[in-house]
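Take a look at the structure set out below.
The values are calculated or read from the model by the stated rules, or taken from the named source; none is laboratory data. What you see is a predicted model, and the numbers here were worked out from it, not measured in a lab. A quick note on method: Cβ atoms are made from the backbone with ideal geometry, for glycine too, and the neighbour counts reach across all protein chains shown.
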Amino acid sequence: MTKTGDHFPESSRGDLSRRAFLRRGVGGLVGLGALTSLPLLPAAVRAARSKDASSSFPDMDAFDYDEFVFSRFQYTLGETGDNPWDYGPDCDEKFLAYLRKATGIRVSEKSFDERVVRVTEKEKMFKSPFLFMTGNANFRLAPIEREAFAEFFRRGGFLYGDDCVVGTTDNRFFLAFVREVSAIFPGCEMKPVEADNAIYHCFYDFPDGHSPVYQGAGYPDMGLFIEDRMVSFLTCTDQHCAWRGSARSVRMVGKWIQEAAFKMGVNIVIYALTH
């Protein structure tokens, strides 16, 4: 039996959906087996724009997707103004180093500040088809953010959210994310992700069908689906902090947690780039 986070068997990797890809390849996808020749990002990013899209949004065909950029979204602050949207840039860097080594994906060398995306910078937002959000407090998306995310998802963009859980036990960010992202498309709410979803099996295998638990209140992983396409994935298990691999992590959970969280992060990126 395959252990949690083991590499997915060679014979099964070709089963991934290949219905949505961009025109360019990543180059040098070491270790991706059947995925080595696949382009970098979903074709929906360039081809499935809504016909009635507002002219206020830039044309994504104008951008170059030769490199994967792990972009951090700076969202509206929470009610108390202390929501750490920018928490742990060192965690990002450790994960990106692992992603380069494990997959050979050409990962951008941009600094953290260069990777920050704000909704007021629409061209930058729509040049970043993968966005990451984290925090530990309640927040509400502003109307302009909801509008931008609706168009971002329609064009094939992917949003990953992870509850930071720093100093809290009630997963306020997780609950706020579910509420706010569910409100972007009326009648299309976030729901638990099934254990057989490809996000748990596309590169490394997580047979339990759940992100590895570093800390958090035990909510299921959640996804926002447009028809059969997951456009947003959310964890309450603090994968981001586990990437740091601190001494506290070892004392709390064990040495395995950083490696398992890295592998989950790889799966999330591979899923976003191939579905």
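Any residue in segment 180-201 that is touching a residue at least 60 places away in the same chain (Cβ under 8 Å) sitting within a Cβ distance under 7 Å of a residue that is of a type outside the set (A, V, I, L, M, F, W, C) and assigned to a loop (DSSP other than H, G, I, E, B)? List the pairs, counting only those 6 or more apart or interchain.
198/275; 200/209
Among the residues of segment 215-249, how many are in contact with a helix residue (DSSP H, G or I) (Cβ under 8 Å, 6 or more places away or on another chain) and modelled with pLDDT under 85?
Residues meeting the conditions: 5.
Check 114, 123 and return the single one that is more than 26 Å from residue 236 (Cβ to Cβ), surrounded by fewer than 18 Cβ atoms within 10 Å (Cβ to Cβ) and free of Cβ contacts under 8 Å to residues at least 12 places away in the same chain.
The conditions single out 114.
So residue 185 ticks every box in (1) over 16 Å from residue 237 (Cβ atoms); (2) surrounded by 21 or more Cβ atoms within 10 Å (Cβ to Cβ); (3) of a type in the set (Phe, Trp, Tyr) but one. Which box is left unticked?
(2)
Only one of 242, 195 is surrounded by 16 or more Cβ atoms within 10 Å (Cβ to Cβ) and among the small types (Gly, Ala, Ser). Can you tell me which? Walk me through how you get there before you give the answer.
Working: 195 fails: surrounded by 16 or more Cβ atoms within 10 Å (Cβ to Cβ).
Result: 242 is the single residue among 242, 195 that is surrounded by 16 or more Cβ atoms within 10 Å (Cβ to Cβ) and among the small types (Gly, Ala, Ser).
Restricting to segment 103-156, give me the number of residues that are among the hydroxyl-bearing types (Ser, Thr, Tyr), farther than 22 Å from residue 178 by Cβ and either touching a helix residue (DSSP H, G or I) at 6+ places or on another chain (Cβ under 7 Å) or modelled with pLDDT of 90 or more (or both).
Residues of segment 103-156 among the hydroxyl-bearing types (Ser, Thr, Tyr): 103, 108, 111, 120, 128, 134.
Remaining after also requiring farther than 22 Å from residue 178 by Cβ: 103, 108, 111, 120, 128.
Adding the requirement that they be either touching a helix residue (DSSP H, G or I) at 6+ places or on another chain (Cβ under 7 Å) or modelled with pLDDT of 90 or more (or both) leaves 103, 108, 111.
The number of residues fulfilling the criteria is 3.
Of the conditions (1) more than 14 Å from the chain's Cα centre (by Cα); (2) within 21 Å of residue 231 (Cα to Cα); (3) of a type in the set (A, V, I, L, M), residue 131 clears all except one; give me its number.
(1)
Given the conditions (1) touching a Phe, Trp or Tyr at 6+ places or on another chain (Cβ under 6 Å); (2) within 20 Å of residue 71 (Cα to Cα); (3) in a helix (DSSP H, G or I), report the number of the one that residue 233 does not fulfil.
Tallying (1) touching a Phe, Trp or Tyr at 6+ places or on another chain (Cβ under 6 Å); (2) within 20 Å of residue 71 (Cα to Cα); (3) in a helix (DSSP H, G or I), residue 233 fails exactly one: (3).
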